[in-house]
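The values are calculated or read from the model by the stated rules, or taken from the named source; none is laboratory data. Remember, predicted model here, so these are calculated numbers, not experimental data. Every residue, glycine as well, gets a Cβ built from its backbone with ideal geometry; the counts of neighbours run over all protein chains shown. Calculation scope for accessible area: heavy atoms of the full protein, side chains included, ligands and nucleic acids excluded. Shrake-Rupley method; radii C 1.70, N 1.55, O 1.52, S 1.80 Å.
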Amino acid sequence: DGETFNVRIQAHAGQTVIVLWEAMMGSLVWFVLLVVVAQLWMKSTVNAILLPLGQIEDQLYEIIVGRFNTIKEKPKFQEMLSVVTAVNAMAEKVEAMLTEQSSIVDKLRDEAYIDVVTGLSNRRAFEIRLESIVSDEEAAPHGALLLIRVDGLKAYNEQHGIDAGDELLAEVAKNTRL
């Protein structure tokens, strides 16, 4: 019961250094591995963010040249999804506006150069075309001019009404188209 024990501890400094070195190298391997995995994950995440930006840039350049494509692939990130959705909506709206503007321009051109009743070129269109032909010094002059006078048109309009007279002129025009 009153026994005493002596414990003797003997340190081997070289062995301690080796054990610490092996533990540190194992930790370093795990640290490098985690850094590589983190870098790969970051690159993947950044690419996932930048891909829609590249698509948006391409889409905007397409709009500049008159092609109104939309981005079909939806981004994974909500913030980019809202940007892509907005740019797609803008592309569709710009296309609709330009289509409408083009339609209005075509209509105004027709109103400026086409006779409403006959559907034939009016005097303004005739004068522009004649000026173009006459001013082209390299082209050989050619062409024909057909003038049609509808005798008694005024009396016909008075007797049958202007609408009937317009129908008569439209029929004459239809029969004279080349």
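Would you check which residues across the range 113-127 are surrounded by 14 or more Cβ atoms within 10 Å (Cβ to Cβ) and among the acidic types (Asp, Glu) and list them? 115 - this is the single residue of the range 113-127 that is surrounded by 14 or more Cβ atoms within 10 Å (Cβ to Cβ) and among the acidic types (Asp, Glu).
Of the residues making up the range 41-60, those that are open to solvent by 70 Å² or more (accessible area, probe 1.4 Å), at pLDDT below 90 and not aliphatic (A, V, I, L, M) number 1.
The single condition among (1) in contact with a Gly (Cβ under 9 Å, 6 or more places away or on another chain); (2) open to solvent by less than 60 Å² (accessible area, probe 1.4 Å) that residue 98 does not meet is (2).
Among the candidates 148, 63, which residue alone is out of contact with any Asp or Glu (no Cβ under 6 Å at 6 or more places or on another chain), open to solvent by less than 70 Å² (accessible area, probe 1.4 Å) and either outside any helix (DSSP H, G or I) or within 30 Å of residue 49 (Cα to Cα) (or both)? Step by step, each of 148, 63 is checked, and only 63 is out of contact with any Asp or Glu (no Cβ under 6 Å at 6 or more places or on another chain), open to solvent by less than 70 Å² (accessible area, probe 1.4 Å) and either outside any helix (DSSP H, G or I) or within 30 Å of residue 49 (Cα to Cα) (or both). Residues of the range 39-66 that are more than 25 Å from residue 90 (Cβ to Cβ) and aromatic (Phe, Trp, Tyr): 41 alone. Filtered by the rule that a residue be assigned to a loop (DSSP other than H, G, I, E, B) and open to solvent by 90 Å² or more (accessible area, probe 1.4 Å), the range 128-140 gives 137, 138.
Taken as a whole, the structure places residue 143 among residues that are at positive phi and either over 39 Å from the mean Cα position of the chain (by Cα) or assigned to a helix (DSSP H, G or I) (or both).
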